[in-house]
Amino acid sequence: MLETRVASNHSLQSMNEDLMRLKLSDKDTHVHENDQRHHEVAAQISAADLRVASLGRAQDVVADQLRQAQAKWNAQHNDHDHRIAQTFELAHTLSAGQTLLEEKHVLETQIVTSQFHKVFQRLQDTLDKQTMGDQALERCVANVHSEVTTLQALHDLHATEMKEHVRALRGQCIQNTTALRLLADEVLKLKQRAKTQDFGRQQQHDHLPPRRHPERDSDKALMAELDHALRHTSYTT
């Protein structure tokens, strides 16, 4: 607005006044802007101070954490050194123990190998003896088989002969049974005839006392013997 008046004013005094006013206005504007910038810079400095203080506190915390981490690392480092020393000592002990175990294994292997050779030799001797025993057993079995074959042939021959004898005896028994049956029939007929004759004589001589007939007793004995012979012959047949 002021610049417009200065540009449109033709009076020198007025122009000078306007220029002075313009300069003062520019100065005030610059002062106001500088004040405003100063306040902004002061605010930024205050915020920066706050951030620096916060960073300082954070740095102190980080430094404390670093000290703790350093102490922990030192402790772990010492522990690791101790463990490494123990590991080396254990490795040395294990190496010595492994050497002893290898020597023991070699000795045990030699002992087992010697025992194995002895057992193998005993087994070989036992197998040889068993082979000889098997051969002798085979010869004995062959001899026994030959004897059994001979005995079987004799048994078959004797069995055949016994069958023939039994067959002949059976035929003879049948013939004897038939003859005994015929004889028994004849005896029964004679006995019946004798009873008939005795009954007739008894009727003729009733007044006489009965007499004992020895031939009847002998007939009874003969009949009993014939019955026994018939039963025995029938059972045998």
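Quick note: the coordinates plus some simple rules give every number you see, no bench work behind them. No experiment lies behind these values; they were computed from the predicted model shown. We place every Cβ from the backbone using ideal geometry, glycine too, and count neighbours over all the protein chains shown.
Side notes on the structure shown:
- Model label points for Arg51 and Gln124, set 7 angstrom from Cα along the Cα-to-Cβ axis, are 9.8 nm apart.
- Sites Ala159 and Lys191, calculated FRET efficiency, Cβ-Cβ separation with R0 35 Å, nearest 0.05: 0.15
- Under the simplified labelling scheme, the Leu107-Val41 pair shows an inter-label distance of 9.5 nm, with each label point 7 Å from Cα along Cα→Cβ.
- Label-to-label distance, nm, for residues given as Gln135 and Asn78 (7 Å Cα→Cβ offset): 8.6 nm
- Values of log10 I(q)/I(0) for the stretch 139-184 across q = 0.25 Å⁻¹ run -0.82, by the Debye formula with one identical scatterer at each alpha carbon and no solvent.
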